[in-house]
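Here's the structure, in structure tokens; my notes come after.
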Amino acid sequence: MTITLAIETSCDETSCAVLRGGREVLSNIISSQIEIHREYGGVVPEVASRKHIENINMIIQQALDEANIGFNDIDLVGVTQGPGLVGALLVGISSAKGIAYALDKPIVGVNHIEGHVCANYIVHKDLEPPFTCLVVSGGHTYLVQVKSYTEYELVGRTRDDAAGEAFDKVARALGLSYPGGPLIDKLAKEGDKDAIEFPRVYLEQDSYDFSFSGLKTAVLNYLNQKKQKDEKIIIEDVAASFQHSVIEVLVEKSIRLAKERKSDKIVMAGGVAANEGLRNLMMDRGKEEGIKVLYPSKILCTDNGAMIGSAAYFHYIKGHVSDLHLNVEPNLELKG
Ligand code: KG4
Ligand code: ZN
């Protein structure tokens with residue numbers, strides 16, 4: 001079985017994993033920079049690059065140690081090529097190329113979004129394409145029809161803010177720290193989702209695209225009006241009502257696509273797939289429609305090396321290998 005060393009540095013997690021095949025994780029070391037960026041209310045790209053450089057060698061060594069292997073046991077090197085922060089990506093790619101060159105082993109550049117999808121193969125050992133997939137992360141909101149382990153049809157995407165970005169911006173307006181998604185998720189459990197009527201944006205009737213910036217503005221306006229009138233803001237109700245507006249649209253469009261494509265599964269991926277409100281609503285609606293709903297464990301929802309290793313493996317066995325000219329692609333798109 002192929003042993004893959006995979007590196008992920010696209011944003012604020014320095015991560016390295018070792019996999020056997022595409023689904024078995026021998027180690028998955030994740031060093032988060034969240035504490036450092038929290039001070040600034042979001043990720044500072046320059047700081048992220050510097051921290052990746054400081055950490056990467058240690059994280060790679062830890063991943064090898066925990067997997068109980070040495071460099072010579074590696075058959076394949078996988079690395080996030082994009083999308084992401086250019087300086088941050090460069091650290092991972094440079095390290096991966098160095099290792100591949102020194103060991104004379106193949107290297108595969110991985111699309112970060114594909115990595116998020118592949119996190120599901122690690123958790124759900126029997127999962128096979130085709131399926132409908134909702135990818136919701138800090139930077140992307142995609143509705144995808146997954147055709148094979150390496151082929152994706154991008155059916156819908158956000159026209160403005162990503163779902164995670166909307167969570168983070170609303171959280172900030174509520175005075176919560178970065179990243180706000182998990183905090184809103186927690187507060188929402190204590191609040192009333194029907195307390196405040198925020199808009200649900202479905203766009204054109206047959207559209208699979210999303211738009212969250214209007215909702216974000218509606219929340220900001222609501223908070224400003226309350227402050228101006230000196231009225232009490234029940235933060236739990238704002239969190240619950242906002243979250244419900246986001247997840248209802250995500251769920252309804254996912255269900256509609258699955259039905260249209262006759263998919264019997266909806267798979268969720270990305271940081272926002274950790275949201276319990278989203279998980280529960282998707283499960284409930286899935287049950288009603290006879291569609292199975294799957295998502296990764298929380299640690300595999302947010303950025304990690306293991307998901308990159310899985311995606312790298314599935315490309316490798318199809319003969320999709322990069323070479324040492326591999327370069328970062330900060331705006332890399334999902335390919336069909
Ligand atoms: O996938 P990810 O780790 O990074 C990107 O590729 O962007 O996603 C991070 C995003 C952040 O916006 C964070 O607030 C959001 O995922 N997030 C959540 C939850 N956990 C993480 N959003 C809502 N509810 C959560 N439980
Ligand atoms: Zn991500």
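Quick notes on this structure:
- Considering each residue of the stretch 313-323 in turn, none proves to be within 16 Å of ligand 2 (Cβ to nearest atom), within 30 Å of Val86 (Cα to Cα) and buried (at least 18 other Cβ atoms within 10 Å of the Cβ).
- For the criterion of being within 23 Å of His116 (Cβ to Cβ), within 14 Å of ligand 1 (Cβ to nearest atom) and surrounded by fewer than 17 Cβ atoms within 10 Å (Cβ to Cβ), Lys216 fails.
- Any hit, the stretch 26-34, residues being at pLDDT below 95, open to solvent by less than 10 Å² (accessible area, probe 1.4 Å) and in contact with a strand residue (DSSP E or B) (Cβ under 9 Å, 6 or more places away or on another chain): yes
- A search for C-beta distances below 6 Å between a residue of the stretch 47-67 that is under 14 Å from Ser94 (Cα atoms) and any residue that is open to solvent by less than 10 Å² (accessible area, probe 1.4 Å), counting only pairs 6+ apart in sequence or on different chains, returns Ser49/Ala88; His52/Thr9; His52/Thr14; His52/Ala88; Asn55/Thr14; Ile56/Thr14; Ile60/Cys16.
- Listed conditions (1) more than 13 Å from ligand 1 (Cβ to nearest atom); (2) charged (D, E, K, R); (3) part of a helix (DSSP H, G or I) are all met by Asp126, apart from (3).
- Scan of the stretch 98-123 for residues that are assigned to a loop (DSSP other than H, G, I, E, B) and under 14 Å from Gly309 (Cβ atoms), ordered by number: Lys105, Pro106
- Test: residue in the stretch 74-84 that is out of contact with any Phe, Trp or Tyr (no Cβ under 6 Å at 6 or more places or on another chain), hydroxyl-bearing (Ser, Thr, Tyr) and over 25 Å from Tyr149 (Cα atoms): no
- Check on Lys335, among the basic types (Lys, Arg) and modelled with pLDDT of 95 or more: no
- Number of residues in the stretch 189-200 that are open to solvent by 30 Å² or more (accessible area, probe 1.4 Å) and either of a type outside the set (Asp, Glu) or in contact with an Asp or Glu (Cβ under 7 Å, 6 or more places away or on another chain) (or both): the value is 7.
- Any hit, the stretch 190-204, residues being farther than 28 Å from Lys232 by Cβ, hydroxyl-bearing (Ser, Thr, Tyr) and part of a loop (DSSP other than H, G, I, E, B): yes
- When residues of the stretch 136-151 are limited to those that are away from ligand 1 (no atom under 16 Å from the Cβ) and out of contact with any Phe, Trp or Tyr (no Cβ under 6 Å at 6 or more places or on another chain), the one nearest to Arg256 (Cα to Cα): Gln145
- Tabulated pairs, the stretch 159-188, first open to solvent by 40 Å² or more (accessible area, probe 1.4 Å), second within 16 Å of ligand 2 (Cβ to nearest atom) and outside any loop (DSSP other than H, G, I, E, B), C-beta under 8 angstrom, 6+ apart or interchain: Asp168/Gly181; Tyr178/Ile34; Tyr178/His37; Tyr178/Asp168; Pro182/Ala274
For (1) outside any strand (DSSP E or B); (2) within 16 Å of ligand 2 (Cβ to nearest atom); (3) in contact with a Cys (Cβ under 8 Å, 6 or more places away or on another chain), each residue gets a yes or a no:
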residue: Ile60; (1), (2), (3): yes, no, yes
residue: Ala63; (1), (2), (3): yes, no, yes
residue: Ile69; (1), (2), (3): yes, no, no
residue: Gly92; (1), (2), (3): yes, yes, no
residue: Ala96; (1), (2), (3): yes, no, no
residue: Leu134; (1), (2), (3): no, yes, no
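The values are calculated or read from the model by the stated rules, or taken from the named source; none is laboratory data. Model, not experiment: these values are computed from the prediction. Positions of Cβ are generated from backbone atoms using ideal geometry, with glycine treated the same way; all protein chains shown enter the neighbour counts. Each accessible area value is taken on the protein alone, full model and side chains, heavy atoms only, with ligands, DNA and RNA left out. Shrake-Rupley method; radii C 1.70, N 1.55, O 1.52, S 1.80 Å.
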